[in-house]
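The values are calculated or read from the model by the stated rules, or taken from the named source; none is laboratory data. On a predicted model such as this, the values are computed, not experimentally measured, just so you know. All Cβ positions, glycine included, derive from the backbone under ideal geometry; neighbour counts span all protein chains shown.
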Amino acid sequence: MKASRVASARSWLRTSNVPSDEYLEGIYYVQGRDFVDAGIVSSEIKKNLKEKGIPESIIRKVAVVTFEAEVNIISYAEQGTIQYYVEPGSITIEAKDIGIGIEDIELAQQEGYSTADDSIREMGFGAGMGLANIRKYSDEFEITSVPKEGTYLRSTIYVNGK
Amino acid sequence: MTLREIKELLDAEIVVGEDKLDLEIKTAFGADLMSDVLAFARSGCLLITGLSNPQAVRTAYALDIAGIVVCRGKALTDKFIDIAKELGIPILWTQFIMFEACGRLYREGITGCIREVLVEDKQRAQ
Ligand SMILES: Nc1ncnc2c1ncn2[C@@H]1O[C@H](COP(=O)(O)OP(=O)(O)O)[C@@H](O)[C@H]1O
Ligand SMILES: [Mg+2]
């Protein structure tokens with residue numbers, strides 16, 4: 001219920017490259033500032049992908065991307081969703097949130113740039129590496145944001161490498 | 001080196017993974033920053049960290065890290081232990097500081113899971 005609320009409220013954040021829902025494998029709700037459970041979505045998605053017999057090296061990439069995206073929603077947004085699509089040959093992760101958004105998207109992607117507070121650093125994050133990590137593990141990557149509205153992130157990982 | 005030998009070497013307690021003491025470990029990574037672990041650690045390595053929260057375990061799980069050594073005798077919560085059990089990540093607990101733990105392991109032949117951060121590493125994962 002909460003998930004669909006986020007999805008429909010911010011459907012404007014959708015872009016054209018999202019796989020069709022035919023490939024939608026799972027959708028998870030992420031609550032902002034819920035630090036204790038940070039990483040749980042990443043773990044769950046990994047468990048699911050293992051059952052599907054997807055190569056371990058690919059699952060690791062998906063796990064890192066979802067982890068950093070999840071931590072960002074928890075750290076900076078009010079609420080959001082993480083969904084993933086398993087297509088023949090690739091896996092796509094979509095992270096969307098309602099929140100403060102990002103003013104300068106180029107700056108935010110620079111390694112070392114961070115507006116994290118202590119509660120984020122205590123989790124072992126907040127050194128300005130998250131978006132760089134997501135980029136690094138992605139074969140396709142896109143991030144758009146509207147300040148005071150929310151942020152949309154999409155990462156696609158090819159099953160047979162770049 | 002087996003996890004059992006590492007336990008002895010680090011004067012550590014095995015908190016989770018009593019059944020995995022025969023696991024063979026060849027490489028390690030040491031950091032408190034999980035974003036760095038996610039960026040640079042490799043599957044099968046041992047993670048030496050002073051971070052004893054659920055995110056450390058979930059980070060290890062994300063990368064198929066063989067086990068975690070919690071150094072500096074950092075307090076372990078029930079939640080941390082429960083998640084490690086659930087995700088099957090062995091936990092060793094030592095009073096040694098990270099430098100001492102890493103030094104002891106290195107002296108016995110454990111190497112870094114990567115040696116240095118190369119330009120390629122920054123750009124793209126393996
Ligand atoms: N979903 C988001 N909503 C709002 N701001 C974000 C979001 N994701 C990232 N940011 C901003 O971009 C910065 C860099 O993010 P990231 O690379 O993940 O590093 P870190 O989270 O360690 O600061 C953050 O500090 C924050 O200011
Ligand atoms: Mg981040």
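Which residues, taken from segment A:112-128, are crowded, with 17+ Cβ neighbours inside 10 Å and either within 27 Å of residue A:90 (Cβ to Cβ) or within 6 Å of ligand 1 (Cβ to nearest atom) (or both)?
Filtering segment A:112-128 for residues crowded, with 17+ Cβ neighbours inside 10 Å gives A:114, A:116, A:120, A:123-128.
Residues satisfying the conditions are A:114, A:116, A:125, A:126, A:127, A:128.
Each row is one residue, and each column tells you yes or no for (1) more than 14 Å from chain B (Cβ to nearest Cβ); (2) away from ligand 1 (no atom under 16 Å from the Cβ); (3) not in a loop (DSSP other than H, G, I, E, B).
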{"site": "A:49", "(1), (2), (3)": "no, yes, yes"}
{"site": "A:60", "(1), (2), (3)": "no, yes, yes"}
{"site": "A:64", "(1), (2), (3)": "no, no, yes"}
{"site": "A:69", "(1), (2), (3)": "no, no, yes"}
{"site": "A:74", "(1), (2), (3)": "no, no, yes"}
{"site": "A:86", "(1), (2), (3)": "yes, yes, yes"}
{"site": "A:92", "(1), (2), (3)": "yes, yes, yes"}
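With respect to residue B:64, determine if the residue is away from chain A (no Cβ under 14 Å) and assigned to a loop (DSSP other than H, G, I, E, B). Reasoning before the result, please.
Numbers: away from chain A (no Cβ under 14 Å): no; assigned to a loop (DSSP other than H, G, I, E, B): yes.
So residue B:64 fails the test.
For residues that are out of contact with any Phe, Trp or Tyr (no Cβ under 8 Å at 6 or more places or on another chain), in contact (Cβ under 8 Å) with a residue 24 or more places away in the chain and away from ligand 2 (no atom under 12 Å from the Cβ), scanning just segment A:98-116, find the one that is nearest to the other protein chains (Cβ to nearest Cβ).
A:105
Any idea which residue in segment A:139-162 is modelled with the lowest pLDDT, counting only those that are part of a loop (DSSP other than H, G, I, E, B) and more than 16 Å from the chain's Cα centre (by Cα)?
The extreme case among them is A:162.
Please indicate, with yes or no, whether at least one residue in segment A:129-138 is part of a helix (DSSP H, G or I), near ligand 1 (Cβ under 7 Å from one of its atoms) and under 21 Å from residue B:52 (Cβ atoms). Quick ask: steps written out before the conclusion?
Let us first name the residues in segment A:129-138 that are part of a helix (DSSP H, G or I), namely A:130-137.
Still in the running and near ligand 1 (Cβ under 7 Å from one of its atoms): A:130-132.
Then drop every residue that is not under 21 Å from residue B:52 (Cβ atoms), which leaves none.
Within segment A:129-138 (the criterion being part of a helix (DSSP H, G or I), near ligand 1 (Cβ under 7 Å from one of its atoms) and under 21 Å from residue B:52 (Cβ atoms)), the answer is no, since none of the residues qualifies.
Report, by residue number, each residue of segment A:117-128 that is more than 8 Å from chain B (Cβ to nearest Cβ), more than 8 Å from ligand 2 (Cβ to nearest atom) and outside any loop (DSSP other than H, G, I, E, B).
Listed by number, the residues that qualify are A:118, A:119, A:121.
Identify, from the list B:42, B:104, B:115, the residue that is farther than 18 Å from residue B:17 by Cβ and touching a Leu at 6+ places or on another chain (Cβ under 7 Å). Show your work before the answer.
Details: B:42 fails: touching a Leu at 6+ places or on another chain (Cβ under 7 Å); B:115 fails: touching a Leu at 6+ places or on another chain (Cβ under 7 Å).
One residue alone meets the criteria, B:104.
Kindly list the number of the only condition in (1) under 13 Å from the mean Cα position of the chain (by Cα); (2) away from chain A (no Cβ under 13 Å) that fails for residue B:8.
If we test residue B:8 against (1) under 13 Å from the mean Cα position of the chain (by Cα); (2) away from chain A (no Cβ under 13 Å), just (1) comes out false.
May I ask you to verify whether residue A:136 is crowded, with 18+ Cβ neighbours inside 10 Å, within 14 Å of another protein chain (Cβ to nearest Cβ) and away from ligand 2 (no atom under 12 Å from the Cβ)?
Numbers: crowded, with 18+ Cβ neighbours inside 10 Å: yes; within 14 Å of another protein chain (Cβ to nearest Cβ): yes; away from ligand 2 (no atom under 12 Å from the Cβ): yes.
Yes.
Run down B:38, B:51, B:47 and say which single residue is of a type in the set (A, V, I, L, M) and assigned to a loop (DSSP other than H, G, I, E, B). Lay out the reasoning, then the answer.
Numbers: B:38 fails: assigned to a loop (DSSP other than H, G, I, E, B); B:47 fails: assigned to a loop (DSSP other than H, G, I, E, B).
Step by step, each of B:38, B:51, B:47 is checked, and only B:51 is of a type in the set (A, V, I, L, M) and assigned to a loop (DSSP other than H, G, I, E, B).
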